[in-house]
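The values are calculated or read from the model by the stated rules, or taken from the named source; none is laboratory data. Everything numeric in this text was worked out from a predicted model, so none of it was measured. Every residue, glycine as well, gets a Cβ built from its backbone with ideal geometry; the counts of neighbours run over all protein chains shown.
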Amino acid sequence: MIAHILGVLAVVTFLLSFQLKTRRNILIVNLTSRLLYILQYIFLGAFEGAVLDFMGFLLSFVAQYKEKEFISKNLKVIMIAVNALLIVAGLALYENVFSIFAIFGIVFEVSALWLTKEKNIRILSLIAAPFWLVYNLTNAAYGSVVGNVLVMFSIGIAMLRLDFRKENGK
């Protein structure tokens, strides 16, 4: 029961993040959400999801500083290293074929947070959601399953409201 409550709280927080206008606010709310997801996976015994989300939390925190000189000069190398680290960790924790979905989900989510344009953050996050949906279904994280569906709708709404209307001059 605790895991499902944490999952719902994580979902609500994650949904809110995509309605925010600035990259900084998206990152802060996303970090809070990720902490709740980690706790949910721990309570469900889905340790692969917990570890990958914990790594995503740490890497998302670092992503806030991408404008710093060292990071901005080495961004491509850092991105390759970050994704390689996530993939290696995911494969080391491999439990079954559904583990691959968690790996893809976290790689897309973390990569999104290193981007500059909010529209691109939303696009990669939208790509990540179905991967997490499959992983959550197979691990009985039902609060997160509902959340994944809502996240896809939320990102779609945010893209219509903040990205496509802006492009069409509305």
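Residues in the range 133-144 that are at pLDDT 90 or above and part of a helix (DSSP H, G or I): 133, 134, 135, 136, 137, 138. For residue 115, the conditions (1) assigned to a helix (DSSP H, G or I); (2) more than 14 Å from residue 37 (Cα to Cα) all hold with the exception of (1). All but one of (1) in contact with a Phe, Trp or Tyr (Cβ under 9 Å, 6 or more places away or on another chain); (2) surrounded by fewer than 16 Cβ atoms within 10 Å (Cβ to Cβ); (3) closer than 22 Å to residue 136 by Cα hold for residue 97, so report the exception by its number. Here residue 97 meets the rest and fails (1). Taking residues in the range 118-130 that are farther than 14 Å from residue 26 by Cα and at pLDDT below 90, and partners anywhere that are of a type outside the set (S, T, N, Q) and in a helix (DSSP H, G or I), not one pair has Cβ atoms closer than 6 Å while being at least 6 places apart or on different chains. Taking every residue in the range 55-81 that is within 20 Å of residue 118 (Cβ to Cβ) and pairing it with any residue that is assigned to a loop (DSSP other than H, G, I, E, B) and not β-branched (Val, Ile, Thr), at least 6 positions away or on another chain, the pairs with Cβ-Cβ distances below 7 Å are 63/114; 66/114; 71/65; 72/66; 75/66; 79/114.
Based on this model, can you work out whether residue 111 counts as in contact (Cβ under 8 Å) with a residue 40 or more places away in the chain and in contact with a helix residue (DSSP H, G or I) (Cβ under 8 Å, 6 or more places away or on another chain)? Walk me through how you get there before you give the answer.
Values: in contact (Cβ under 8 Å) with a residue 40 or more places away in the chain: no; in contact with a helix residue (DSSP H, G or I) (Cβ under 8 Å, 6 or more places away or on another chain): yes.
It is false that residue 111 is in contact (Cβ under 8 Å) with a residue 40 or more places away in the chain and in contact with a helix residue (DSSP H, G or I) (Cβ under 8 Å, 6 or more places away or on another chain).
Working only within the range 39-58, note down all residues that are touching a helix residue (DSSP H, G or I) at 6+ places or on another chain (Cβ under 7 Å) and buried (at least 21 other Cβ atoms within 10 Å of the Cβ). Selection gives 40, 41, 44, 48, 49, 52, 53, 56.
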